[in-house]
Amino acid sequence: MPQSFTDTAPNFRGVERLVRGTPTSDGAGVKLTRVLTQDLQHRLDPFLMLDNFASDNPDDYGAGFPDHPHRGFETVTYMIAGRMRHKDSAGNEGLLQNGGVQWMTAGSGLVHSEMPEQEAGVMEGFQLWLNLPAKDKLCRPSYRDIQSANVPELTTPTPNPDGSPGGVLVRVISGSSHGVKGAMHRPATTHPTDTLYLDLHFPAAGADFLQDIPAGYNAFLYAYRGQANIMDAQGHPTAVPSQRMAIFDNTGDAVRIRAQGARALLIAGRPLKEPIAQYGPFVMNTREELIAAVEDFQNGRMNSGAQKQAN
Ligand code: FE
């Protein structure tokens, strides 16, 4: 008899809605698809934005993202293909490339650039904006460059405990899956958003991927290669076409995703339930804090990066 998935049958979440991204450009004219737009910030709290850039035309990405500030949240950049160099006002520098992750905590503020380090070829990846709780919005800025070899991977056992085919390759960027801790594994006691960030690669023959996600956490799936299907508690599939985001409903405590050869990001986190005030690259809790952010930036007080803490 197969070992049960959990002690009680999991209540698989269904799909609340499908979202088609919005084509836009940012930085000095980088073409991208904004998957998670500002109107979804409350629904998908603690996530503020998800951009997908994917092009083999250097005209779409060559201009990059010259010097610009951030305050009050974290940016998580995941490169599928290509090379991007990061420099910030604290003197930090790193090269982000194929399969690697940069996890930047802007905190009290920094000025940085993100520039392509290639003149041809494919540039493909994602940038997720993850909110910080009010208590941490002015924390010391920091960042981690995680090379691809240091992103933990696992292949789920096949068959799954319920008998369905497994064998899904999982890259664990944050949180944990099937007992494997992610590259960014932070205790929920100190990091209340308790973020799960998985990149799922389904085998060509097809498989089901099962993952516990606590009830109440907001969760979404973005299919970036091929189509995935979300299987609800009754076993009914909802197709998630390529380049679409599916927002899971919040009724269950697990998800089941079925696909053949597709690749998808599964992202979930505990909502902060705090006021969100955004002005461009600054995300705070109040309008007054945004005005202070603009003043600090205009007066050069974000240029010292880590030294900002001395104030
Ligand atoms: Fe940036």
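The values are calculated or read from the model by the stated rules, or taken from the named source; none is laboratory data. Model, not experiment: these values are computed from the prediction. Backbone-built Cβ (ideal geometry, glycine too); neighbour counts: all protein chains shown. Heads up: the accessible areas ignore ligands, DNA and RNA and are worked out on the full protein's heavy atoms, side chains in. Shrake-Rupley method; radii C 1.70, N 1.55, O 1.52, S 1.80 Å.
Assorted remarks:
- Residues of region 202-215 that are touching a strand residue (DSSP E or B) at 6+ places or on another chain (Cβ under 9 Å) and more than 10 Å from Gly167 (Cβ to Cβ): Leu210, Gln211, Asp212, Ile213, Pro214.
- Among (1) open to solvent by less than 20 Å² (accessible area, probe 1.4 Å); (2) within 15 Å of the ligand (Cβ to nearest atom); (3) among the hydrophobic types (A, V, I, L, M, F, W, C); (4) in a loop (DSSP other than H, G, I, E, B), the one test that Ala63 misses: (1)
- Filter result for Ser89 (of a type in the set (Ser, Thr, Tyr) and either more than 13 Å from the ligand (Cβ to nearest atom) or at pLDDT 95 or above (or both)): no
- All strands (runs of 3 or more DSSP E) inside region 246-304 with 2 or more residues being touching a residue at least 60 places away in the same chain (Cβ under 8 Å) and within 16 Å of the ligand (Cβ to nearest atom): 282-284
- In region 48-60, the residues that are more than 16 Å from the ligand (Cβ to nearest atom) and buried (at least 19 other Cβ atoms within 10 Å of the Cβ): Ala54
- In region 126-137, the count of residues that are more than 11 Å from the ligand (Cβ to nearest atom), closer than 30 Å to Leu272 by Cα, in a loop (DSSP other than H, G, I, E, B) and among the charged types (D, E, K, R) is one or more.
- Flag if Pro69 is farther than 30 Å from His236 by Cα, in a strand (DSSP E or B) and within 16 Å of the ligand (Cβ to nearest atom): yes
- When the residues of region 106-125 are filtered to those that are more than 19 Å from the chain's Cα centre (by Cα) and within 13 Å of the ligand (Cβ to nearest atom), the one that is surrounded by the most Cβ atoms within 10 Å (Cβ to Cβ) is Leu110.
- Here region 138-167 is the region considered, the condition is being part of a strand (DSSP E or B) and within 16 Å of the ligand (Cβ to nearest atom), and the residue that is farthest from Gly100 (Cα to Cα) is Ser142.
Condition check ((1) over 28 Å from Leu110 (Cα atoms); (2) at pLDDT 95 or above) across all residues:
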{"residue": "Tyr143", "(1), (2)": "no, no"}
{"residue": "Pro161", "(1), (2)": "yes, no"}
{"residue": "Phe209", "(1), (2)": "yes, yes"}
{"residue": "Asn218", "(1), (2)": "yes, yes"}
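- Residue count for region 168-198, restricted to those that are part of a loop (DSSP other than H, G, I, E, B) and open to solvent by less than 20 Å² (accessible area, probe 1.4 Å): 6
- Failed item, numbered, when Trp103 is tested on (1) more than 12 Å from the ligand (Cβ to nearest atom); (2) open to solvent by 10 Å² or more (accessible area, probe 1.4 Å); (3) not in a loop (DSSP other than H, G, I, E, B): (2)
- Qualifying residue in region 301-309 (condition: at pLDDT 95 or above, buried (at least 16 other Cβ atoms within 10 Å of the Cβ), at negative phi and of a type in the set (D, E, K, R)): no
- When the test is whether a residue is crowded, with 20+ Cβ neighbours inside 10 Å and either under 18 Å from the mean Cα position of the chain (by Cα) or modelled with pLDDT under 95 (or both), Ile247 does not pass it.
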